Structures are given as structure tokens and as C-alpha cells.
């Protein structure tokens, strides 16, 4: 069994924040794959469903970001899920907007949600890092992640969320590179090759019959 965890802050006032892109992705996955309705459990909202034949749990912690590990640890203990079978979907300021990267294990890079999960289950879980861009000044990071996505962000945000939901089966199967490739292609499809112009007629060697050349 695989546990997909989306990170965010509960409450309508945070729903459109950049910090809540993990919640957005989990909601899209659950909807596309016809998961059961979310129910309150393990200090969060839990749903379950099947993706490409694999049973999957979807969890949105409701403890606020810096206590996300409590919900994850509760679900892991109840269902006996190993850290290796957990994938956390979260915002990433160190990636440019619309970039999506999968990582297995490693540090938390100062992300409060990941830090909490580290504290409860260790670092050996997977992550889907969703780029939201960096404000350029570390003192502005908190304000950046806790602000709503802008209208301009909407141009790429819907594509990212839709692509993740469409190709999550590759992630569930452990095909991380294929997942990233398909998502990237959906977000920025390759441009069609323009037809080459017809070659110009060669007039240099033609005889000018009018002038006898």
C-alpha cells in the first residue's frame, strides 16, 4: 500500500496559498481516480482508492504545516506503512515555478512540513517537489509561500496539477523519471516543427534566350 501525502495548511483562508499546492495536487489525484470521500482521521483528512491496480491512501494533514508529521506517523502506524512507501507532495521555493522533481530520501531543506515528518518517521520517504519560485530574499520567503497564487501563476498552475493527476500511476509504479518526463511534456509540449520553405528556383544558370546568353 502506498501513502500519498499532500502538505498545506487547513482552512479556507489558506486554500489558494502557494504553500498549499500539495493539497491541490492530492485533491486533483483523488478526483481523477475516483477516490472515496475524505474523512477525518489521524489528525488529517484521509481518502483511499486504486491507481493502476495499486491500493493508495491519500492524506492531507490538518495540524498546520509545522506539525504535519503527526498525521503521517499516525497513518503509518495504523496501516503499517514503511517510509519507503510514502510520497509527500509539497511546495518547493528552490525550484522555479512549474518545475516538478521527484526525490527519494535526503534532507528537508528547511521546509517546516518535511522537518516535522523527518522528526516522526525519518528521511527515507519520497517527495514530489513542486516549484513555486523564490522571492529573491530569504526574509520574504514566509510572505511568499503564504500568499495566494497570482493570476499569472494560473497559466502554469492548472497544467501542473492536471498533469500530476494524469500521470501519478507512473509515480505509484516507481517510474519516477517517466513521471517527471510526462509531466514536463504536458506543461511545455514540444513545438511542432515548422515546414521548411520551398527552395528558391535556381536562375543563375538559366539561358536568357531573349539576349542570346
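The values are calculated or read from the model by the stated rules, or taken from the named source; none is laboratory data. The structure displayed is predicted, hence computed values, not measured ones. Quick reminder, even Gly has a Cβ in these numbers, built from the backbone with ideal geometry, and neighbours come from all protein chains shown.
Just one of the numbered conditions (1) buried (at least 18 other Cβ atoms within 10 Å of the Cβ); (2) farther than 28 Å from residue 42 by Cα; (3) out of contact with any helix residue (DSSP H, G or I) (no Cβ under 7 Å at 6 or more places or on another chain) is not true of residue 98; which one?
(3)
Within segment 133-155, track down each residue that is over 21 Å from residue 101 (Cα atoms) and assigned to a helix (DSSP H, G or I).
First pass over segment 133-155, keeping only residues over 21 Å from residue 101 (Cα atoms): 137-140, 142-143, 146-148, 150-152.
The answer is 138, 139, 140, 142, 143.
Condition check ((1) in contact with a strand residue (DSSP E or B) (Cβ under 8 Å, 6 or more places away or on another chain); (2) crowded, with 17+ Cβ neighbours inside 10 Å; (3) not in a loop (DSSP other than H, G, I, E, B)) across all residues:
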residue: 45; (1), (2), (3): yes, yes, yes
residue: 66; (1), (2), (3): no, no, yes
residue: 76; (1), (2), (3): yes, yes, yes
residue: 107; (1), (2), (3): no, no, no
residue: 114; (1), (2), (3): yes, yes, yes
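Pairs, please: C-beta under 7 Å, at least 6 apart or cross-chain, first residue closer than 18 Å to residue 8 by Cα and in segment 127-150, second loosely packed, with under 14 Cβ neighbours inside 10 Å?
Sorted first by the residue in segment 127-150, then by its partner, the pairs are 131/96; 133/96.
Condition check: out of contact with any helix residue (DSSP H, G or I) (no Cβ under 6 Å at 6 or more places or on another chain) and assigned to a helix (DSSP H, G or I). Does residue 158 satisfy that? Give the steps one after another, and end with the answer.
Values: out of contact with any helix residue (DSSP H, G or I) (no Cβ under 6 Å at 6 or more places or on another chain): yes; assigned to a helix (DSSP H, G or I): yes.
Against the criterion (out of contact with any helix residue (DSSP H, G or I) (no Cβ under 6 Å at 6 or more places or on another chain) and assigned to a helix (DSSP H, G or I)), residue 158 qualifies.
Quick one: is residue 133 modelled with pLDDT of 90 or more and more than 23 Å from residue 187 (Cα to Cα)? Show your work before the answer.
Values: modelled with pLDDT of 90 or more: yes; more than 23 Å from residue 187 (Cα to Cα): no.
It is false that residue 133 is modelled with pLDDT of 90 or more and more than 23 Å from residue 187 (Cα to Cα).
With respect to residue 30, is the statement that it is at pLDDT 95 or above and over 21 Å from residue 116 (Cβ atoms) true?
Working: at pLDDT 95 or above: yes; over 21 Å from residue 116 (Cβ atoms): yes.
Taking the combined requirement at face value, the residue satisfies it.
Would you be able to tell me the number of residues in segment 79-95 that are buried (at least 18 other Cβ atoms within 10 Å of the Cβ), within 29 Å of residue 150 (Cα to Cα) and touching a strand residue (DSSP E or B) at 6+ places or on another chain (Cβ under 7 Å)?
The total comes to 6.
Can you spot a residue in segment 169-182 that is surrounded by 13 or more Cβ atoms within 10 Å (Cβ to Cβ), touching a strand residue (DSSP E or B) at 6+ places or on another chain (Cβ under 7 Å), more than 30 Å from residue 84 (Cα to Cα) and modelled with pLDDT of 95 or more?
No, that holds for no residue.
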